[in-house]
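S.K.: Mind looking over this structure? Questions follow.
The values are calculated or read from the model by the stated rules, or taken from the named source; none is laboratory data. This is a predicted model, so every value here is computed, not measured. Here the Cβ positions follow ideal geometry from the backbone for every residue, glycine too, while neighbour counts run over all protein chains shown.
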Amino acid sequence: ADWEPPGGRAAWQDIRMDSVGDTLQRLRETFSAGRTRPAEFRATQLEGLGRFLRDNKQLLQEALARDLRKGTQLDRAFIRKEPFGLVLIIVPWNYPLNLTLVPLVGALAAGNCVVLKPSEISKNMEQVLAEVLPRYLDQSCFAMVLGGPEETGQLLEHRFDYIFFTGSPRVGRIVMTAAAKHLTPVTLELGGKNPCYVDDNCDPETVANRVAFFRYFNTGQTCVAPDYVLCSPEMQERLLPALQSTIARFFGEDPRSSPNLGRIINDKHFQRLQGLLGCGRVAIGGQSDQSDRYIAPTVLVDVQETEPVMQEEIFGPILPIVNVRSLDEAIDFINRREKPLALYAFSKSSEVVKQVLARTSSGGFCGNDGFMHVSLASLPFGGVGASGMGRYHGKFSFDTFSHHRGCLLRSQGMEKIYSIRYPPYTPRNLRM
Ligand code: NAD
């Protein structure tokens with residue numbers, strides 16, 4: 001007869017269905033408190049699982065035999081990395097060559113056929129790629145589709161074996177929804193707001209150089225740029241004059257005439273950024289000119305968390321500073337928001353940097369500098385949570401574009417030994 005728990009199934013469940021929310025909350029609190037992270041804690045849990053198997057061997061074997069009537073014996077195994085097949089790569093406009101080539105290298109290296117969809121917004125690169133790139137590749141394994149949202153939407157109705165998307169979280173959702181229809185696996189390289197914590201124990205000039213360099217690089221149109229600074233009001237007072245002189249040194253007294261400062265990609269983004277200049281109070285910069293889509297390297301202070309500049313990814317040369325009173329408050333602030341693509345912490349104390357690293361989550365992390373971690377092919381690059389899923393660069397690209405096929409090969413020898421698997425099961429062959 002079927003086994004029924006005394007008092008009904010619900011009485012035995014660890015999670016009662018009427019209190020799932022409470023249980024999930026309890027588990028989340030354990031996780032947030034960092035309990036599951038120390039190696040000792042993990043080892044203890046694994047030891048517990050080992051004891052569970054040893055202590056209950058007989059019980060478990062009997063249950064397996066009753067449920068499934070089978071056992072398995074594995075010998076040598078290996079992983080065969082195989083290309084997925086037909087891969088779609090969708091590219092944004094902000095690094096239109098790099099974000100085309102780096103995934104493309106991984107996809108082709110792994111042996112896939114590729115459909116490439118460059119960004120229609122960086123239209124000059126789109127044209128060059130369309131005209132020139134196909135000449136260098138075997139046309140039987142490579143194709144390009146040009147167009148914007150509408151054409152990409154039509155493309156996404158087709159079945160692909162893998163989709164690699166770089167772009168905004170909004171479009172990332174559209175891509176993942178389309179992929180789900182065919183159960184197509186995806187890598188989503190998305191954006192978001194990357195916090196930059198500046199501890200009181202810092203040299204303001206060094207921080208100003210490094211933060212300004214990475215914030216204003218490519219006119220701020222970088223997915224891993226430090227998006228906002230978190231620091232105490234005292235550090236802000238020290239940082240502002242340092243940022244002022246750094247910006248003047250980098251771009252001159254009139255940044256508009258600097259050959260080292262780019263322009264905003266198009267009018268739509270220019271207008272969006274101009275709107276953000278109205279948040280908080282302009283401490284440095286703030287000038288703009290629609291006629292050549294110029295926005296000065298800008299620092300905003302007195303910014304509220306609820307203002308648009310703290311709600312959306314800035315993606316331009318604007319750096320808001322948000323005041324926090326302590327490291328704990330900074331970490332709370334970071335953890336209240338979506339998980340960022342990159343996180344930066346500046347402090348002369350390695351303990352403070354380690355604390356920020358240990359008590360937060362982000363796609364990548366860099367202590368005391370900007371997005372240097374992204375430049376190393378030895379490190380995986382990718383987001384977590386709302387900043388994306390999957391990773392690439394270097395060997396990780398090859399792995400991303402490969403299916404890891406678990407394989408077992410066995411010869412026809414030793415049949416006598418293997419024959420213990422076969423029914424009928426008698427006490428004698430079970431003892432062998
Ligand atoms: P986007 O999401 O608007 O566009 C990306 C691609 O998707 C383009 O090729 C575009 O044609 C296509 N697209 C746009 N709308 C679509 C729709 N409705 N349906 C289907 N396809 C659509 O992004 P963007 O403005 O080109 O790039 C900026 C964003 O990309 C930022 O959020 C930035 O953080 C992110 N980004 C992330 C990385 C990373 O590596 N994680 C790198 C660069 C940029």
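S.K.: Examine region 268-277 for a residue that is part of a loop (DSSP other than H, G, I, E, B), surrounded by fewer than 19 Cβ atoms within 10 Å (Cβ to Cβ) and at pLDDT 95 or above, and state whether such a residue exists.
M.R.: No.
S.K.: Next up: It is to be established whether one or more residues within region 140-148 are touching a residue at least 40 places away in the same chain (Cβ under 8 Å) and within 13 Å of the ligand (Cβ to nearest atom).
M.R.: no
S.K.: So which of 224, 171 is within 24 Å of residue 401 (Cβ to Cβ), modelled with pLDDT of 95 or more, within 16 Å of the ligand (Cβ to nearest atom) and not in a loop (DSSP other than H, G, I, E, B)?
M.R.: 171
S.K.: Would you check which residues across region 276-302 are without any contact (Cβ under 8 Å) to a residue 40 or more places away in the chain and among the hydrophobic types (A, V, I, L, M, F, W, C) and list them? Spell out the reasoning first.
M.R.: Taking region 276-302 as the starting set, the residues that turn out to be without any contact (Cβ under 8 Å) to a residue 40 or more places away in the chain are 278, 281-282, 285-294, 298, 300, 302.
Matches in region 276-302: 282, 300.
Yes/no matrix, rows are residues, columns are (1) in contact (Cβ under 8 Å) with a residue 12 or more places away in the chain; (2) within 15 Å of the ligand (Cβ to nearest atom):
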{"position": "351", "(1), (2)": "no, no"}
{"position": "361", "(1), (2)": "yes, no"}
{"position": "375", "(1), (2)": "no, yes"}
{"position": "380", "(1), (2)": "yes, yes"}
{"position": "407", "(1), (2)": "yes, no"}
{"position": "410", "(1), (2)": "yes, no"}
{"position": "419", "(1), (2)": "no, no"}
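S.K.: Within region 49-64, is even one residue surrounded by 11 or more Cβ atoms within 10 Å (Cβ to Cβ) and at pLDDT 80 or above?
M.R.: Within region 49-64 (the criterion being surrounded by 11 or more Cβ atoms within 10 Å (Cβ to Cβ) and at pLDDT 80 or above), the answer is yes, since at least one residue qualifies.
S.K.: Evaluate the following for residue 214: is it within 16 Å of the ligand (Cβ to nearest atom), over 19 Å from residue 103 (Cβ atoms) and aromatic (Phe, Trp, Tyr)?
M.R.: Against the criterion (within 16 Å of the ligand (Cβ to nearest atom), over 19 Å from residue 103 (Cβ atoms) and aromatic (Phe, Trp, Tyr)), residue 214 qualifies.
S.K.: Taking the options 216, 197, name whichever one is buried (at least 22 other Cβ atoms within 10 Å of the Cβ), modelled with pLDDT of 95 or more and out of contact with any Pro (no Cβ under 8 Å at 6 or more places or on another chain).
M.R.: 197
S.K.: Here is a follow-up. Name the strands (runs of 3 or more DSSP E) wholly inside region 283-376 in which the number of residues that are farther than 22 Å from residue 251 by Cβ and over 19 Å from the mean Cα position of the chain (by Cα) is 2 or more.
M.R.: Counting at least 2 such residues, we get 318-323.
S.K.: Suppose we filter region 170-194 for residues that are surrounded by fewer than 20 Cβ atoms within 10 Å (Cβ to Cβ) and among the hydroxyl-bearing types (Ser, Thr, Tyr); how many remain?
M.R.: Residues in region 170-194 being surrounded by fewer than 20 Cβ atoms within 10 Å (Cβ to Cβ) and among the hydroxyl-bearing types (Ser, Thr, Tyr): 1 in total.
S.K.: Could I ask something else about it? If you scan region 381-432, which residues turn out to be part of a loop (DSSP other than H, G, I, E, B) and aliphatic (A, V, I, L, M)?
M.R.: Listed by number, the residues that qualify are 384, 409, 414, 432.
S.K.: How many of the residues making up region 107-140 are closer than 26 Å to residue 221 by Cα, touching a strand residue (DSSP E or B) at 6+ places or on another chain (Cβ under 9 Å) and part of a loop (DSSP other than H, G, I, E, B)?
M.R.: Number of matching residues: 2.
S.K.: Quick one: how many residues across region 71-120 are of a type in the set (Phe, Trp, Tyr) and within 11 Å of the ligand (Cβ to nearest atom)?
M.R.: Looking only at that region, the number is 2.
S.K.: Just to verify a result, which residue in region 81-139, among those that are over 30 Å from residue 263 (Cβ atoms) and among the basic types (Lys, Arg), is surrounded by the fewest Cβ atoms within 10 Å (Cβ to Cβ)?
M.R.: This residue is 135.
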